[in-house]
Each structure stands twice: as structure tokens, then as C-alpha cells.
Amino acid sequence: MSEKPVVQLIDVKKSYGSQQVLKGVNLSIMEGKTTVIVGGSGQGKSQIIKHILGLVRPDSGKVLVYGKDISRAGKRELRAIRANFGVLFQNAALFDSMTVYDNVALPLRERTRLSEAEIKKIVDRNLALMDIIGSDDKYPAQISGGMRKRVGLARALVLEPRIIFFDEPTTGLDVAKSNEIYRVFFRTQTQLKYTAVIVSHDVPKIFKLADYVALLHNGVIHSCITPEEFQLSDDPVIREFVETTMGQLYSSEMEGEL
Ligand SMILES: Nc1ncnc2c1ncn2[C@@H]1O[C@H](COP(=O)(O)OP(=O)(O)O)[C@@H](O)[C@H]1O
Ligand SMILES: [Mg+2]
């Protein structure tokens with residue numbers, strides 16, 4: 001089966017003042033696959049996500065989402081394209097004054113005309129998928145960090161997005177909690193078959209989820225290859241990344257299976 005790109009960045013350039021962050025980024029995100037973007041801190045990984053979401057416009061180049069250039073889309077078109085997206089950023093950004101249930105129900109209440117009974121079915125199913133049972137009436141402050149992330153994930157998935165973006169989704173969690181999040185990703189991706197774009201520093205763990213690893217280096221995508229190819233590569237830039245950023249690869253693998 002041939003793979004189809006659902007997102008394409010073509011020679012995307014972006015500067016802030018005298019700093020050129022993206023120097024001609026070329027990247028294709030394949031349908032139904034999980035692409036993990038890696039690279040040093042401050043290299044522009046979040047910038048890539050923001051360009052795809054249409055939150056930032058490139059100085060030049062194209063950002064195609066389902067063939068449409070999101071960087072040139074008007075308001076209405078932008079809204080239509082974004083309806084395909086589910087987003088989970090670092091701080092799950094739940095509403096503190098709303099219960100777990102209401103947080104997850106929110107997108108359905110705002111964006112659909114479903115009845116409360118229909119909404120309840122969907123919310124219950126999503127909470128069960130994330131192993132959140134019996135906490136519907138709790139407030140974000142009353143649940144653990146790991147559970148908050150899972151509620152954030154449930155909310156990101158509740159409208160059944162075709163593409164989901166996770167920008168450093170496990171920041172602030174300990175090893176066990178972040179493993180748990182990756183386990184939930186893996187299970188939901190297998191069941192729901194969405195396309196995923198993940199920015200993560202948890203490189204060894206994320207390798208088990210990734211279909212492709214895209215390395216951002218000096219403002220360009222240096223390579224976008226399978227995790228196996230990445231780990232076996234003798235390309236000097238990849239080797240350096242592996243050795244500096246993934247020094248903990250082996251010790252971390254010993255922490256146990258995902
Ligand atoms: N709004 C902005 N104004 C100025 N510089 C920015 C802005 N957004 C991002 N940058 C710069 O772009 C670079 C890449 O940022 P970012 O994409 O957040 O990196 P990463 O996610 O890889 O850590 C950083 O050096 C950052 O300072
Ligand atoms: Mg970032």
C-alpha cells in the first residue's frame with residue numbers, strides 16, 4: 001500500500017529578527033503514521049507544529065494540509081482545516097473550574113449539535129479508552145499529573161480528529177507516568193488510526209511508537225527515516241544526536257518494556 005502525505009512543508013523559511021529559525025524545512029507527514037520530530041532544544045520543533053496548525057505563517061515556502069496551503073488560508077478555510085486537528089501541548093491546559101467530564105465534553109458542546117445524551121456516550125467511551133473511570137466529577141486539581149494528561153488526550157481525541165499533534169506531552173511527568181502516557185498513545189493510535197505528529201525528548205521510548213523519526217538540525221529536516229534506520233545510521237549528524245541526546249538510551253531501555 002502506498003503512503004499518502006497529509007501534511008507537507010515545502011522549503012519553509014522563518015526568521016525572528018536576525019535569527020533564521022527554519023532555513024528551508026521539507027517534511028511530509030504520512031497518513032495513519034506516527035512521525036516523531038526530534039532535535040535539540042530551541043531548534044524550532046514547536047515552530048514546525050505552529051506552522052502546520054496555521055498559528056505562525058512562514059516567510060516563504062508552503063505548508064500544505066490535505067493539499068491546501070494553510071499559510072494562505074482565510075479565516076473560514078483555516079477553521080475548516082483545523083477541524084481535522086487534535087492538539088495536546090505541554091501543559092494539558094485543562095479548565096480548572098470544570099470537572100473532568102465537562103473538560104472532555106467541551107469540544108462536543110462547542111462544535112457539534114449533539115444532545116447531552118449523545119455527548120455522554122462519547123465522553124464515557126473516551127474516558128474509558130484512557131482508563132479514566134470514576135473521576136468524572138473531579139476537578140483537575142484533584143487528580144494526578146498523569147491523569148491530567150490523559151484527560152487532555154481524551155479531550156484532544158473527542159472530535160475524532162484525523163491528525164493529532166503532541167508537543168512534548170510528557171513534560172513534568174516521572175518515568176512511570178510518561179510510560180503510561182505512551183502506552184495510552186499506542187493503544188489509541190492502534191484503535192483510532194489517526195495520523196500523529198509528536199515532538200518529544202523521550203527519544204528511546206518514543207522510538208517504539210514512531211513510524212518515522214524526523215531530525216531537525218540547523219534549521220532543516222536533516223533526515224526523516226524509520227527508527228531502525230535512525231538507530232543504525234552512520235551519518236555523523238545522526239550519530240552525534242544519538243550519542244549526546246540519547247546517551248540514556250540503554251539505561252532507559254532497562255527501565256522495562258513500554
Ligand atoms: N515569537 C517568537 N519571537 C522570537 N523568537 C521566537 C518566537 N518563537 C520562537 N522563537 C525562537 O525560535 C527558536 C525555536 O523555537 P522552538 O520552536 O520553540 O524550539 P524547540 O521547540 O525546538 O525547542 C528559538 O530560538 C526561539 O527563541
Ligand atoms: Mg518546543
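The values are calculated or read from the model by the stated rules, or taken from the named source; none is laboratory data. As the structure is a computational prediction, the values presented were derived from the model and not from experiment. Cβ: placed from backbone, ideal geometry, glycine included. Neighbour counts: every protein chain shown.
Please pick out the residue among Val87, Val63, Val56 that is away from ligand 2 (no atom under 16 Å from the Cβ) and under 20 Å from the mean Cα position of the chain (by Cα). First the steps, then the outcome.
Details: Val87 fails: away from ligand 2 (no atom under 16 Å from the Cβ); Val56 fails: away from ligand 2 (no atom under 16 Å from the Cβ).
Answer to the selection: Val63.
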Among (1) without any contact (Cβ under 8 Å) to a residue 12 or more places away in the chain; (2) within 18 Å of the chain's Cα centre (by Cα); (3) over 29 Å from Asn126 (Cα atoms), the one test that Lys75 misses = (2)
request  = Output the qualifying pairs, or none if there are none: Cβ atoms under 7 angstrom, residues six or more apart or on different chains, first residue in the range 6-19 and farther than 17 Å from Ser60 by Cβ, second residue at pLDDT below 95 and in a strand (DSSP E or B).
outcome  = none
task = Any chance you could count how many residues in the range 81-97 are buried (at least 20 other Cβ atoms within 10 Å of the Cβ) and within 16 Å of ligand 1 (Cβ to nearest atom)?
result = 1
ask   = Which number in (1) farther than 15 Å from Asp102 by Cα; (2) β-branched (Val, Ile, Thr); (3) buried (at least 20 other Cβ atoms within 10 Å of the Cβ) marks the one condition that Thr190 misses?
value = (3)
query = Can you name the number of the only condition in (1) under 30 Å from Val38 (Cβ atoms); (2) aromatic (Phe, Trp, Tyr); (3) free of Cβ contacts under 8 Å to residues at least 40 places away in the same chain that Phe165 fails?
reply = (3)
request  = Check the range 58-80 and report whether any residue there is crowded, with 17+ Cβ neighbours inside 10 Å, among the hydrophobic types (A, V, I, L, M, F, W, C), within 16 Å of ligand 1 (Cβ to nearest atom) and at pLDDT 95 or above.
outcome  = yes
message = Here is a check on your reading of the model: is Lys45 crowded, with 18+ Cβ neighbours inside 10 Å and within 16 Å of ligand 2 (Cβ to nearest atom)?
response = yes
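Just checking, which of Gly86, Gly39, Gly44 is within 15 Å of His217 (Cα to Cα) and in contact with a helix residue (DSSP H, G or I) (Cβ under 7 Å, 6 or more places away or on another chain)? Full working, then the answer.
Details: Gly86 fails: within 15 Å of His217 (Cα to Cα); Gly44 fails: in contact with a helix residue (DSSP H, G or I) (Cβ under 7 Å, 6 or more places away or on another chain).
Result: Gly39 is the single residue among Gly86, Gly39, Gly44 that is within 15 Å of His217 (Cα to Cα) and in contact with a helix residue (DSSP H, G or I) (Cβ under 7 Å, 6 or more places away or on another chain).
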query = With (1) more than 16 Å from ligand 1 (Cβ to nearest atom); (2) under 16 Å from the mean Cα position of the chain (by Cα); (3) at pLDDT 90 or above as the list, and Thr188 as the residue in question, which single condition is left unmet?
reply = (3)
note = Taking the range 13-41 and keeping residues of a type outside the set (Ser, Thr, Tyr), within 16 Å of ligand 2 (Cβ to nearest atom) and surrounded by 13 or more Cβ atoms within 10 Å (Cβ to Cβ) leaves Lys14, Val21, Leu22, Val25, Leu27, Val36, Ile37, Val38, Gly39, Gly40
task = State whether one or more residues within the range 158-175 are within 14 Å of the chain's Cα centre (by Cα), surrounded by 22 or more Cβ atoms within 10 Å (Cβ to Cβ) and assigned to a helix (DSSP H, G or I).
result = no
task = Name the residue, out of Gln47, Gln8, Gln90, that is in a strand (DSSP E or B) and either in contact with a Lys or Arg (Cβ under 8 Å, 6 or more places away or on another chain) or within 28 Å of Phe207 (Cβ to Cβ) (or both).
result = Gln8
task = Determine which single condition Lys23 fails, assuming it passes every other condition in (1) more than 10 Å from ligand 1 (Cβ to nearest atom); (2) not in a strand (DSSP E or B).
result = (2)
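On the basis of being out of contact with any His (no Cβ under 7 Å at 6 or more places or on another chain) and within 16 Å of ligand 2 (Cβ to nearest atom), does His217 make the cut? Show your work before the answer.
Working: out of contact with any His (no Cβ under 7 Å at 6 or more places or on another chain): yes; within 16 Å of ligand 2 (Cβ to nearest atom): yes.
The answer is yes for His217.
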query = Given the conditions (1) more than 24 Å from Gly44 (Cβ to Cβ); (2) in contact (Cβ under 8 Å) with a residue 40 or more places away in the chain, which single one is not true for Asp136?
reply = (2)
